[in-house]
């Protein structure tokens, strides 16, 4: 049994038990869950499990934490290695999420959205909390929204009436959609339309691989693998920091917020743990007070959308700054190696 | 904050498990107190590892999680992406099979629909 669990198992009363539980979850489990979400799904949440740009990421974080709370409350003695266990729980949550996705339907939905953009006779529009679609003439007329239940059982009749003898997969999507709207007679929710078309076009989803097929290791406190593309040594890390400090502020900030090393550690962690800088050096180098640094650090490494939001800019601008920063770093680091 | 930080505070600081005000106060103290800074770095190394770090500047690594959104798919199909965004997307597509299939599917639907619309005219 893992020594990390001793304080929970030896707790004398409910208050001690809760304190031990909080410590296990906040200090040990949370960072692992964040890392697994990042590495498996590219989902970024801050230290509190919050993401301003991705609600799925928040839900999955909460899901993993809830599972950990459950097992720690009910039977923690089943856990031999706590951190490995957390890694597996988080990984299972990721696999469950992937299994719930329908990539082929998602592609169909993208194609439909494009059809509505490009065809003047067809449209999609926001109505209360839904996205509706239909003939353009129905937009904002208050025409009754047709429920999926009214139509689902009649789709075979639609096929035989409107497309008898035709291979629907060879028919342009815009034509199928136009005929379907005329047949239905009213607007539908976009997701309902996707479901109907998936049935008509016989779109089947591929099975996502199960977790059991590949053991997912949390590379948290362990060794760091390097690849042909990677650059090693603390000396180089120090050189990198000197170059980063000299970048134009926007490039510098974009690089700093987005950076992660091969093990998923953010820039501040990398530099501080390597002894390359102290906290006040970081603050000075980034032109920010130490207190603000702590706020940023708790969200790092950031995904592109979050970083763009933090820097109050567009994704395109962020990409531009990152491209320039990376090019400059590559040139300067190569020049001195 | 004039006293030194406890081990628990430093542990929690390393994983940002402190309320916002306390996080800021601890950060300021750590920056100003050599002894606490030293203990903080020790704790950070314990938590996050202290071996040599490796990093990559390759765009395939940097943008591996930047999955294409609908607007980017449209701009790609319309050839309206600015050069930097195009570079990022190309790098991402080199590593992401799902997005490659998304692009392939989107372009195929668009091509079939455009062909049909042109034929109707």
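The values are calculated or read from the model by the stated rules, or taken from the named source; none is laboratory data. The structure displayed is predicted, hence computed values, not measured ones. Methodologically, a virtual Cβ is constructed for each residue, glycine included, from the backbone with ideal geometry; neighbour enumeration extends over all protein chains shown.
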Subject >> Matching option when the condition is part of a helix (DSSP H, G or I) and either within 13 Å of chain B (Cβ to nearest Cβ) or buried (at least 20 other Cβ atoms within 10 Å of the Cβ) (or both), among A:16, A:23 >> reply: A:23
**OP:** State all residues of region A:157-188 that are in contact with a strand residue (DSSP E or B) (Cβ under 7 Å, 6 or more places away or on another chain), more than 13 Å from chain B (Cβ to nearest Cβ) and assigned to a helix (DSSP H, G or I); if no residue qualifies, say none.
**Re:** A:181
Original post:
Only one of these conditions is not met by residue B:92: (1) more than 8 Å from chain A (Cβ to nearest Cβ); (2) out of contact with any helix residue (DSSP H, G or I) (no Cβ under 7 Å at 6 or more places or on another chain); (3) crowded, with 18+ Cβ neighbours inside 10 Å. Which number is it?
Top reply: (2)
Subject >> Residues (more than 9 Å from chain B (Cβ to nearest Cβ), outside any helix (DSSP H, G or I) and without any contact (Cβ under 8 Å) to a residue 24 or more places away in the chain) located in region A:282-312 >> reply: A:288, A:312
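If you check B:39, B:45, B:24, which single one turns out to be within 10 Å of another protein chain (Cβ to nearest Cβ), over 20 Å from the mean Cα position of the chain (by Cα) and closer than 18 Å to residue A:276 by Cα?
B:45
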Original post:
Taking region A:42-58 as the region of interest, how many residues are farther than 24 Å from residue A:314 by Cβ and either touching a strand residue (DSSP E or B) at 6+ places or on another chain (Cβ under 9 Å) or at the interface with chain B (Cβ under 9 Å from one of its Cβ atoms) (or both)?
Top reply: 2
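Can you pull out the helices (runs of 4 or more DSSP H) entirely within region A:29-121 that have at least 3 residues that are farther than 20 Å from residue A:194 by Cα?
Because the criterion is at least 3 residues that are farther than 20 Å from residue A:194 by Cα, the helices (runs of 4 or more DSSP H) in region A:29-121 that meet it are A:30-41, A:55-74, A:82-100.
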**OP:** Determine, yes or no, whether residue B:19 is more than 8 Å from chain A (Cβ to nearest Cβ), over 27 Å from residue A:264 (Cα atoms) and surrounded by fewer than 17 Cβ atoms within 10 Å (Cβ to Cβ).
**Re:** no
**OP:** Please go through region A:144-169 and pick out each residue that is farther than 14 Å from residue A:199 by Cα, surrounded by 13 or more Cβ atoms within 10 Å (Cβ to Cβ) and over 37 Å from the mean Cα position of the chain (by Cα).
**Re:** A:162, A:163
Original post:
What single numbered condition from (1) touching a helix residue (DSSP H, G or I) at 6+ places or on another chain (Cβ under 7 Å); (2) farther than 23 Å from residue A:45 by Cβ; (3) at pLDDT 95 or above fails to hold for residue A:276?
Top reply: (3)
**OP:** From A:254, A:270, grab the single residue that is touching a strand residue (DSSP E or B) at 6+ places or on another chain (Cβ under 8 Å), assigned to a helix (DSSP H, G or I) and crowded, with 21+ Cβ neighbours inside 10 Å.
**Re:** A:270
**OP:** Run residue B:32 past the list (1) more than 7 Å from chain A (Cβ to nearest Cβ); (2) surrounded by 15 or more Cβ atoms within 10 Å (Cβ to Cβ) and report the number of the one that doesn't hold.
**Re:** (2)
